[in-house]
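Novice: Before anything else, here's the structure in question.
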Amino acid sequence: MRDRLPRSSTFIARLTALAILGSAAPNAGAATIEWNNAAGGNWSAASNWTPPSVPGAGDDVLITLAGTYTVTLDVDATINWLSLGGAGGTQTLAASGRTLGLNDASVVNPAGVIALTTCTLNGPGGVTNQGLANLRSCVVNAPLVNQGTLDLRANNSLNGAFTNAAGGTLHVEAEDTWGNATATVASGFTNSGTIELKSSGTASWSAAATLNVTAGTLVNAPGGTIVALAGTGYARTLGAQLDNQGTVTAAYALTLARASAAHSNSGTIQQQRDDRGQRRRPDDQPVGHHAELHQLGHADGGRGADAHGERRDVERERGHAGWRRGAGVE
């Protein structure tokens, strides 16, 4: 029977993922199947696995062989859990138009890359990403904890519980190939890392980067950062009810827009200067007017709009409590 336990380093990473995601302990009786082809290849080829068998729903899957290669998920698959990323090189799991199901907590290790295009990632098992996750027009129904880099382009939906942990970067970018980028998170979440909104490329002047949180509150925790990065393109939009306890930085026009949301700020909202050392002119940038901003803390250079839609300076005094409608940060 294929009942070998994972190697010690992989097993430790697995236990870490279990602790973060709160899943059951590893199943010692599950079959363990390891990738063996350092040149890469198709998931569906049994010869690429040791023992030679295509992983199934009861199998623990290790893609941890040292080297730089790509495993192509060329079939829909459901497995017990996955450990992606080894001790040397870069191990990539790539798929287009496929569904991958995880029954238990899985991990993308620091050397691992998961690159999915128009794919669906299902639970009930969750994923802890410590490496790089590139998602293009995907639906993630599994719980996800991001400790590495989560790069979202085109339209992506995160329907499971989501956390952007300390050290993690959630990057939403509109660019030439995929056009507008909209990331939709179904439920409120905590950001202890960095959230970046950006447009780039040569023809993306009309492309917009948007992060929506459908229900609940986006908590930007102390030490957390939300940045509207400079570049080309159109607006950066945060469609969320925001509780800012960290730092929000606008190096480009940022609109906070969610109807009937009650925002709060006990952190810092700051505007970066342009390449001439001048603050950007508010008349050149869009200001939202869809929600209320409760200004509690220090606001460095932020501007909003009052209840009548007229722009006014956000108070700079630490500890000031006042209401600002729109929360457009320029």
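The values are calculated or read from the model by the stated rules, or taken from the named source; none is laboratory data. These figures come from a predicted structure and were not determined experimentally. Don't worry about glycine lacking a Cβ; one is built from the backbone with ideal geometry, like all the others, and counts go over all protein chains shown.
Novice: From the residues in the range 148-157 that are on the phi < 0 side of the Ramachandran plot and free of Cβ contacts under 8 Å to residues at least 40 places away in the same chain, which one is surrounded by the fewest Cβ atoms within 10 Å (Cβ to Cβ)?
Specialist: Taking the range 148-157 first, the residues on the phi < 0 side of the Ramachandran plot are 148-153, 155-157.
Add one more test, that the residue is free of Cβ contacts under 8 Å to residues at least 40 places away in the same chain, and what stays is 149-153, 155-157.
Working: Thr149: 20, Leu150: 27, Asp151: 19, Leu152: 26, Arg153: 24, Asn155: 17, Asn156: 21, Ser157: 20.
Per the criteria, the residue is Asn155.
Novice: How many residues, within the range 68-102, are within 17 Å of Leu121 (Cα to Cα) and in contact with a strand residue (DSSP E or B) (Cβ under 7 Å, 6 or more places away or on another chain)? Give the steps one after another, and end with the answer.
Specialist: Within the range 68-102, the first condition is being within 17 Å of Leu121 (Cα to Cα), and the residues that meet it are 71-84, 92-102.
Keeping just the survivors that are in contact with a strand residue (DSSP E or B) (Cβ under 7 Å, 6 or more places away or on another chain) gives 71-74, 76-84, 92-96, 99-102.
Here the count works out to 22.
Novice: Residues of the range 59-91 being touching a helix residue (DSSP H, G or I) at 6+ places or on another chain (Cβ under 8 Å) and of a type in the set (A, V, I, L, M, F, W, C), which ones?
Specialist: Within the range 59-91, Leu62, Val71, Trp81, Ala87 meet the criteria.
Novice: Looking only at the range 204-232, count every residue that is aliphatic (A, V, I, L, M) and in a strand (DSSP E or B) and tell me the total.
Specialist: From the range 204-232, those aliphatic (A, V, I, L, M) are 207-209, 211, 213, 215, 218-219, 221, 226-230; that's our starting set.
Still in the running and in a strand (DSSP E or B): 209, 211, 213, 215, 218-219, 226-228.
Number satisfying all stated conditions: 9.
Novice: Sticking with this structure for a sec: Would you mind telling me which numbered condition in (1) small (Gly, Ala, Ser); (2) at positive phi; (3) at pLDDT 95 or above Gly22 fails?
Specialist: Every listed condition holds for Gly22 apart from (3).
Novice: Can you name every residue in the range 40-92 that is in a loop (DSSP other than H, G, I, E, B) and crowded, with 18+ Cβ neighbours inside 10 Å?
Specialist: Hits for the range 40-92 are Trp43, Pro55, Thr64, Leu65, Leu73, Asn80, Gly85, Gly86.
Novice: With (1) closer than 17 Å to Val172 by Cα; (2) assigned to a loop (DSSP other than H, G, I, E, B) as the list, and Ile114 as the residue in question, which single condition is left unmet?
Specialist: (2)
Novice: Now a separate question. In the range 158-185, what residues are part of a strand (DSSP E or B), surrounded by fewer than 20 Cβ atoms within 10 Å (Cβ to Cβ) and of a type in the set (Gly, Ala, Ser)?
Specialist: Once the filter is applied, which keeps residues that are part of a strand (DSSP E or B), surrounded by fewer than 20 Cβ atoms within 10 Å (Cβ to Cβ) and of a type in the set (Gly, Ala, Ser), the range 158-185 yields only Gly179.
Novice: Give the number of residues within the range 93-111 that are touching a residue at least 24 places away in the same chain (Cβ under 8 Å), farther than 16 Å from Thr70 by Cβ and part of a strand (DSSP E or B).
Specialist: 4
Novice: Among the residues of the range 55-67, count how many are farther than 21 Å from Val127 by Cβ and either acidic (Asp, Glu) or free of Cβ contacts under 8 Å to residues at least 24 places away in the same chain (or both).
Specialist: Going through the range 55-67 one residue at a time, the tally reaches 0.
Novice: All but one of (1) within 26 Å of Asn122 (Cβ to Cβ); (2) assigned to a strand (DSSP E or B) hold for Leu238; which doesn't?
Specialist: (1)
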